[in-house]
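A.B. asks: Sharing a structure below in structure tokens format, with a few things to ask.
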Amino acid sequence: MCFALQDVEANTVRLKEHEQDVLVLEKIPSVSQGCNHGGSATQYKYTVMSGTPEKILEHFLENMRLDSILPESDSALDDFVLMHCVFMPNSQLCSLLMAQYPFTSGCKTTACTEQEKMDYALNNKRRVIRLVLQWVTVCGELLQEEEASMAFLENFYVSVSDDSRMIPALKEQLPELEKTVKQNSEEAKSSQKKHKVLLRQFSIGDERLQKRQPIRSNDEILFKVYCVDHTYTTIRVAVAASVKEVIAAVADKLGTGEDLILVKLSSSGEKVVLKPNEISVFTTLSQNGRLFFCPRDQFDSLSPLPEQEGPSAGSMGTFELMSSKDLAYQITIYDWEHFNCVHERELIYHTFGRPNFKKTTANLDLFLRRFNELQLWVVTEIALCSQLGKRVQLLKKFIKIAAHCREYKNLNAFFAIIMGLSNVAVSRLTQTWEKLPSKFKKFYSEFESLMASPLFLNHRAYRLTVAKLEPPIIPFMPLLIKDMTFTHEGNKTFIDNLVNFEKMRMIANTVRIVRYCRSQPFNSDASLANKNHQEVRSYIRQLNVIDNQRTLSQLSNRLEPRRS
């Protein structure tokens, strides 16, 4: 038995079954419309606060408007399509959608005429079709990795096609559904045939010069895993492989039955033993980090490889003659490639924990890694420059590159460079900063003000800046991740065994910022497009950095020793 209770003061409606809440709605004013007596009547709408997964789905289907291409309620439906993976896996959603798509259905009252029953059934089918189309639009690339989801889409299309012979009104949506299902089926089969093998494209090598393509969970990777004596073995596993599967691949390659552990080892010597259920660990390494394996009793003997130290000389001689605008342009092209590969769902997987979904966040990991790389590039080049005059030139160069990145609306690179200049290994170089022309000091001060007291101002200045920009934009991704993490950690996912949909809505709003930033394509700068950028392009895509803060600080102290 199902019935509703309304709390008048709180404007809360509770749908109950067997005396238990199954759906909690909030009644809020919508638009005001004139009425016949010359006054105004307030219209209300109901937003989902919490509920069981099934009732939330039912609510969105029942309240979906079919009279507009872009109904007002689409944002609420989009919240569900984006976030359902947190509380309803695809297998459950597929089953529920098929159950919600009956051939015939009655109205909810016994007084319905046969025509009303048919109309109800028709509209119900149209709503399910619409939800499926939106689901595939948002998640199609990910669904292609799942045989069960693709089988559902093909079976669903057959059901709609069969029904359309008896219900002509369904033929309106059939061409779009057919095109969507056919396209995704073909792409799924094509990707299975290709089955990409990644030659560690996110680390070192010529493959970084190729245009970046999205990494999928079922792509495979060739990867070096090191042992205590710094020898290595190369394994081939899925990008989304768990630590347990990586260890099994290493043990199989070596023919050993020893109890091995997998360890992340940074250039500073920091060691982290990875848990067996962690997945896709290859892309979560620090800039110069490496994966090591060893028996547990050899853990203390692990030491970084010499190559992990990074460069011993700067590359100013290579890029000082390159135009700052050209450098910023090539940085932006490369960053856009990274950003454009990130699937919206990766933000959700990252926030709630990848092991919960068994999906990779490799594209997001590499984009965040790129931010760190640019930041460290700035610090490395300055820390390795022994001549005071050259260091001043470097400061000017990086400030100009940052300014051009801002012009290109590449806020990720802009903030990476400014944070690099703010790093203690650079900011403490008072003799260098004193020699910087006042014009550049003013520019830097203005740029730095956007970063001022982020914890207290909640990056208000940054948000105001973004609000004024039109897409395409490359956003400051660490801030978006911080926002989502803050929302996740500050709000329970379930309240009284019901999905906290208000939390889902808040996180979906942040994800939609990414969608907005990419809502327009990145077009080449006509004034730069015809120039030969091969040297600049190659340099920007193969930056070598020191990622050990202790080493960077030591180099800084040698350049300008502390004054006693």
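A.B. asks: Between a residue in the stretch 241-268 that is closer than 20 Å to Asn218 by Cβ and any residue that is part of a loop (DSSP other than H, G, I, E, B), which pairs come within a Cβ distance under 7 Å, given they are 6 or more apart or on different chains?
C.D. replies: Ser242/Pro276; Ser242/Asn277; Ser242/Glu278; Val243/Leu274; Val243/Lys275; Val243/Pro276; Val243/Glu278; Lys244/Pro276
A.B. asks: Out of everything in the stretch 27-39 that is open to solvent by less than 60 Å² (accessible area, probe 1.4 Å) and under 40 Å from the mean Cα position of the chain (by Cα), what residue ends up being modelled with the lowest pLDDT?
C.D. replies: Only one residue fits best here, namely Ser30.
A.B. asks: Here's a follow-up. Identify all residues within the stretch 339-368 that are out of contact with any His (no Cβ under 9 Å at 6 or more places or on another chain), of a type in the set (S, T, N, Q) and either at pLDDT 95 or above or over 19 Å from Thr493 (Cβ atoms) (or both); write none if there are none.
C.D. replies: Asn340, Thr360
A.B. asks: Quick one: which helices (runs of 4 or more DSSP H) lie wholly within the stretch 482-564 and hold at least 2 residues that are modelled with pLDDT of 95 or more and not basic (Lys, Arg)?
C.D. replies: Details: elements: 501-517, 526-529, 534-540, 549-559.
Once the helices (runs of 4 or more DSSP H) in the stretch 482-564 are filtered for at least 2 residues that are modelled with pLDDT of 95 or more and not basic (Lys, Arg), what remains is 501-517, 534-540, 549-559.
A.B. asks: Among the residues of the stretch 40-65, write down those that are at pLDDT below 85 and open to solvent by 40 Å² or more (accessible area, probe 1.4 Å). Spell out how you get there, then give the answer.
C.D. replies: Step one: filter the stretch 40-65 for residues at pLDDT below 85, giving 40-45, 65.
Correct list: Ser40, Thr42, Gln43, Tyr44, Lys45, Arg65.
A.B. asks: A further question follows. Please count how many residues of the stretch 422-431 are surrounded by fewer than 22 Cβ atoms within 10 Å (Cβ to Cβ) and assigned to a helix (DSSP H, G or I).
C.D. replies: Number satisfying all stated conditions: 5.
A.B. asks: Moving to a separate point now. Can you pull out the residues in the stretch 313-332 that are aliphatic (A, V, I, L, M) and buried (at least 20 other Cβ atoms within 10 Å of the Cβ)? Working first, answer last.
C.D. replies: Pass one, the stretch 313-332, residues aliphatic (A, V, I, L, M): 313, 316, 321-322, 327-328, 331.
Result: Leu327, Ala328, Ile331.
A.B. asks: Looking for something of a type outside the set (A, V, I, L, M), in contact with a Cys (Cβ under 7 Å, 6 or more places away or on another chain) and either without any contact (Cβ under 8 Å) to a residue 12 or more places away in the chain or assigned to a helix (DSSP H, G or I) (or both) - is there at least one such residue anywhere in the stretch 432-443? If you could, list the steps in order and put the result at the bottom.
C.D. replies: Quick first cut of the stretch 432-443, residues of a type outside the set (A, V, I, L, M) only: 432-435, 437-443.
Then drop every residue that is not in contact with a Cys (Cβ under 7 Å, 6 or more places away or on another chain), which leaves none.
No, every residue in the stretch 432-443 fails to be of a type outside the set (A, V, I, L, M), in contact with a Cys (Cβ under 7 Å, 6 or more places away or on another chain) and either without any contact (Cβ under 8 Å) to a residue 12 or more places away in the chain or assigned to a helix (DSSP H, G or I) (or both).
A.B. asks: Hey, does the stretch 367-381 have a residue that's farther than 24 Å from Asp547 by Cβ, among the charged types (D, E, K, R) and open to solvent by 10 Å² or more (accessible area, probe 1.4 Å)?
C.D. replies: No.
A.B. asks: Can you tell me which residues in the stretch 260-287 are of a type in the set (D, E, K, R) and within 26 Å of the chain's Cα centre (by Cα)?
C.D. replies: Lys264, Lys275, Glu278
A.B. asks: Could you check the stretch 2-21 and list, in sequence order, the residues that are modelled with pLDDT of 85 or more and either closer than 12 Å to Thr52 by Cβ or of a type outside the set (Val, Ile, Thr) (or both)?
C.D. replies: Asn11, Arg14, Leu15, Lys16, Glu17, His18, Glu19, Gln20, Asp21
A.B. asks: Among the numbered criteria (1) at pLDDT 95 or above; (2) under 20 Å from Pro175 (Cα atoms), which single criterion is violated by Phe80?
C.D. replies: Going through (1) at pLDDT 95 or above; (2) under 20 Å from Pro175 (Cα atoms) one by one, Phe80 breaks only (2).
A.B. asks: Can you say whether Glu154 is open to solvent by 70 Å² or more (accessible area, probe 1.4 Å), modelled with pLDDT under 95, more than 22 Å from Thr360 (Cα to Cα) and acidic (Asp, Glu), as far as the supplied structure shows?
C.D. replies: In short, no.
A.B. asks: Going by the structure shown, is Leu480 open to solvent by less than 70 Å² (accessible area, probe 1.4 Å) and under 30 Å from Gln308 (Cβ atoms)? Talk me through it step by step, then tell me what you get.
C.D. replies: Working: open to solvent by less than 70 Å² (accessible area, probe 1.4 Å): yes; under 30 Å from Gln308 (Cβ atoms): yes.
Answer is yes for this residue.
A.B. asks: Right, next: I'm checking my understanding of the structure. Among residues of the stretch 119-151 that are farther than 25 Å from Cys85 by Cα and touching a residue at least 12 places away in the same chain (Cβ under 8 Å), which one is least open to solvent (accessible area, probe 1.4 Å)?
C.D. replies: That would be Ala121.
A.B. asks: Could you please let me know if Leu388 is of a type in the set (A, V, I, L, M), open to solvent by 40 Å² or more (accessible area, probe 1.4 Å) and without any contact (Cβ under 8 Å) to a residue 40 or more places away in the chain?
C.D. replies: For Leu388, the condition - of a type in the set (A, V, I, L, M), open to solvent by 40 Å² or more (accessible area, probe 1.4 Å) and without any contact (Cβ under 8 Å) to a residue 40 or more places away in the chain - is not met.
A.B. asks: With respect to Thr360, is the statement that it is outside any helix (DSSP H, G or I), in contact (Cβ under 8 Å) with a residue 60 or more places away in the chain and surrounded by 23 or more Cβ atoms within 10 Å (Cβ to Cβ) true? Reasoning before the result, please.
C.D. replies: On the way: outside any helix (DSSP H, G or I): yes; in contact (Cβ under 8 Å) with a residue 60 or more places away in the chain: yes; surrounded by 23 or more Cβ atoms within 10 Å (Cβ to Cβ): yes.
For Thr360, the condition - outside any helix (DSSP H, G or I), in contact (Cβ under 8 Å) with a residue 60 or more places away in the chain and surrounded by 23 or more Cβ atoms within 10 Å (Cβ to Cβ) - is met.
A.B. asks: Now a separate question. Test of understanding: among Arg428, Arg370, Arg354, which residue is among the charged types (D, E, K, R) and touching a strand residue (DSSP E or B) at 6+ places or on another chain (Cβ under 8 Å)?
C.D. replies: Going through Arg428, Arg370, Arg354 in turn, the sole match is Arg354.
The values are calculated or read from the model by the stated rules, or taken from the named source; none is laboratory data. No experiment lies behind these values; they were computed from the predicted model shown. Glycine gets a Cβ as well: all are built from the backbone with ideal geometry, and neighbour counts include every protein chain shown. Just so you know, the surface numbers come from the protein's heavy atoms only, side chains and all, with ligands and any DNA or RNA stripped out. Shrake-Rupley method; radii C 1.70, N 1.55, O 1.52, S 1.80 Å.
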